[in-house]
1. Can you work out the FRET efficiency for the pair residue 122 and residue 7, with r the C-beta to C-beta distance and R0 = 35 Å, to the nearest 0.05?
2. Tell me the carbon and sulfur percent of the accessible area for the range 1-88, rounded to whole percent, probe radius 1.4 Å.
3. Find the accessible area per residue for the chain; the probe is 1.4 Å, ligands and nucleic acids are left out, and the unit is Å².
4. Could you run the Karplus curve 6.51 cos²θ - 1.76 cosθ + 1.60 with θ = phi - 60° over the range 102-117 and give me ³J(HN,Hα) per residue in whole Hz, x for Gly and Pro?
5. If you split all Cα-Cα distances of the range 20-73 into 10 Å bins from zero, what percentages do you get per bin, shortest first?
6. Looking only at 18, 32, 50, which one moves most when the chain is put into a Gaussian network model with springs between Cα atoms under 10 Å?
7. If each residue of separation counts as 0.36 nm, what is the full-extension length gain between residue 23 and residue 108 once their alpha-carbon separation is subtracted?
8. For the range 61-74, take each phi angle, set θ = phi - 60°, evaluate the Karplus expression 6.51 cos²θ - 1.76 cosθ + 1.60, and give the result in whole Hz per residue in order, putting x for glycine and proline.
Amino acid sequence: MGEPRITSGPWDSAAILNFLTSTRIPMRLASNGSSGPLVQSLWFLVDDGNLWCATQETSLLAQRIARDARVGFEVAGDHPPYRGVRGTGTAEILRAEAGRVLPALIERYQGAERTHLSEWLLSRLDREVAIRIAPSTFTSWDYSGRMRS
């Protein structure tokens, strides 16, 4: 698909990638459906220029992506200084990647120590699918300079 196009914002591709790989904020992912858009918060990771998430294969999100692969996403904190990345892309459901992606997501957001949540998530791995999002556009914003005290 090539390099995503930056539509606006102060950050170049390297700064966007740095923000996405260093932040632990869940991604808000929007999918299309007959009743309108659905926005969900999902853990994500960046690998080889793609954004990866996981969900249950029977989830509404997986069903929507199977029908319409176009998605929108945003990664941004709720506290100052306000900064983040949003964009659009194409999503693909990859069942075979769930065994790699889900443990990596758990480690990224929960750490290496096993928790009740991580054990529960892994106990459902046989019904999990990975979502690979190939970004096509990025927009960034960073109000750090304006918000200094």
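1. On the way: r = 38 Å, r/R0 = 1.08.
Computed FRET efficiency for residue 122 and residue 7: 0.40.
2. The value for the range 1-88 is 50 percent carbon and sulfur by accessible area.
3. Working: 8340 Å² over 149 residues.
About 56 Å² of surface per residue is accessible.
4. 4, x, 5, 5, 4, 5, 5, 9, 10, x, 6, 6, 5, 10, 4, 5
5. P(r) over the range 20-73, rounded to whole percents: 23, 55, 20, 2.
6. 18
7. Details: separation 85, 0.36 × 85 = 30.60 nm, distance 0.98 nm.
Using 0.36 nm per residue and subtracting the Cα-Cα distance, I get 29.6 nm.
8. Ordered by residue, 3J(HN,Hα) equals 4, 4, 5, 5, 5, 4, 8, 8, 7, 6, 9, x, 8, 8 Hz.
The values are calculated or read from the model by the stated rules, or taken from the named source; none is laboratory data. None of the values given here were measured: they were computed from a predicted structure. Positions of Cβ are generated from backbone atoms using ideal geometry, with glycine treated the same way; all protein chains shown enter the neighbour counts. Keep in mind that these areas ignore ligands, DNA and RNA; they rest on the heavy atoms of the full protein, side chains included. Shrake-Rupley method; radii C 1.70, N 1.55, O 1.52, S 1.80 Å.
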